[in-house]
Amino acid sequence: MRIGCPREIKNNENRVGLTPAGAKAYVGAGHQVFVETKAGEGSGFTDAEYVAAGATILATAKEIFDGAEMVIKVKEPQPGEIAMLRKGQILFTYLHLAPDPAQTQALLASGATTIAYETITDAQGRLPLLTPMSEVAGRMAVQIGAQYLQKTNGGRGMLLGGVPGVPPAHVLVLGGGVVGVNAIKMAVGLGARVTVLDRSLPTLRYLDDIFGNRIETVWSSDAHVEELLPSTDLVIGAVLVHGAAAPKLIRKDMLKLMKQGSVIVDVAVDQGGCVETTHATTHADPVYFVDGVLHYGVANMPGAVPRTSTMALTNATLPYGLKLANLGWKKALASDPGFLLGLNTHEGQMTCEPVARDQKLTYVDPKSLL
């Protein structure tokens, strides 16, 4: 199979869809790999390293898209990239279609077969291709929140862990999944007071077993959110509903309960955010205020640590990508029910049920296409 890896063009996106080691694995399996020149520079990978791995360097994204049977990316395709997609071509990347009807319609119109990292599941129902970026984003969220709590950056002027004689900041983590666990690790490690909300009692029991009395676990409800917000300095939005838009756990009217200069880092922004006032921002212009509360909504947080993120992502995606290349998309997806859930669109048909439901589109069961 001819595999193409273009340079990412989203604002300040320095990751790349494939490391040289990943390229070498595809070449070793008998496939051709084409990489756009300088695609890996942001992550510290040179064209020479890709060439040494057996890849061919091409000058433009158009050459990549024109020649590739499968395009491997990191972020959702931008409009100019979607215009280069075609029927019969596989796109393997993060899509996050639920909050993005415009992208959905454009991908349907392209006729391409799109497989989204974030809707693939494993035998335990986990999200193996979302997990590495969730780990990165969860850990980053606390670092970023601590930075913006500084007065010079618009926050309340608090040190996350406090000092002897001065209490630490209170961090409220919404959701106890992968993002939440990694945020908790960082916040606890920095000495913050940490409370986590989740609707799953087994999850709360698990977190209590791991962290013990270093955190407080609370069952998630409107009443409990409203009770906790007045004492909260930093909110980490870590809610995820597989493939669907995130529920709004903090409404705009609740912001009045929060202190001026408190901070919200909504990691769920890729799926529309779990805070009603969240909207996507960029690394170039990451924050804004609503009712005196600082909001951080960068939709590609791991792009700020691209070398770590790219290596972690390729580690996770490579076995799936090789399966697509070796077997073709039909046989690859037919061999694994969890992999089949990654199929989001095919030749103008919507095959992801949560997106179809959220956007009121006709749903086609992907099993019927195999």
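Is it the case that Leu172 is in the same structural domain as Gly297 (by TED's automatic domain parsing), modelled with pLDDT under 95, in contact with a helix residue (DSSP H, G or I) (Cβ under 9 Å, 6 or more places away or on another chain) and aliphatic (A, V, I, L, M)? Working first, answer last.
Numbers: in the same structural domain as Gly297 (by TED's automatic domain parsing): yes; modelled with pLDDT under 95: no; in contact with a helix residue (DSSP H, G or I) (Cβ under 9 Å, 6 or more places away or on another chain): yes; aliphatic (A, V, I, L, M): yes.
No.
Residue under question is Thr345, and the condition is that it be closer than 17 Å to Ala102 by Cα, surrounded by 15 or more Cβ atoms within 10 Å (Cβ to Cβ) and polar (S, T, N, Q); does it hold?
Yes.
Considering Ala356, Ala312, which residue is buried (at least 17 other Cβ atoms within 10 Å of the Cβ), without any contact (Cβ under 8 Å) to a residue 12 or more places away in the chain, out of contact with any Cys (no Cβ under 9 Å at 6 or more places or on another chain) and not basic (Lys, Arg)?
Ala356
Output the number of the condition that Gly348 fails; it satisfies all remaining conditions of (1) touching a strand residue (DSSP E or B) at 6+ places or on another chain (Cβ under 9 Å); (2) more than 21 Å from Gly125 (Cα to Cα).
(1)
Sort out for me the strands (runs of 3 or more DSSP E) sitting completely within the range 1-97 that have 3 or more residues that are modelled with pLDDT of 95 or more and over 19 Å from Glu118 (Cα atoms).
Answer list for the range 1-97: 2-5, 32-36, 56-58.
How about the range 187-204: which of its residues are surrounded by fewer than 22 Cβ atoms within 10 Å (Cβ to Cβ) and either aromatic (Phe, Trp, Tyr) or over 22 Å from Pro247 (Cβ atoms) (or both)?
Correct list: Val188, Gly189, Leu190, Gly191, Arg193.
Determine whether Ala106 is assigned to a helix (DSSP H, G or I) and closer than 26 Å to Leu327 by Cα.
Spelling it out, it is not the case that Ala106 is assigned to a helix (DSSP H, G or I) and closer than 26 Å to Leu327 by Cα.
Across the range 247-282, which residue is surrounded by the fewest Cβ atoms within 10 Å (Cβ to Cβ) among those that are modelled with pLDDT of 95 or more and of a type in the set (S, T, N, Q)?
Gln260
The values are calculated or read from the model by the stated rules, or taken from the named source; none is laboratory data. Bear in mind that the values here come from a model prediction, so they are computed numbers and not experimental data. Note that each Cβ is placed from the backbone with ideal geometry, even for glycine, and that neighbours are counted across all protein chains shown.
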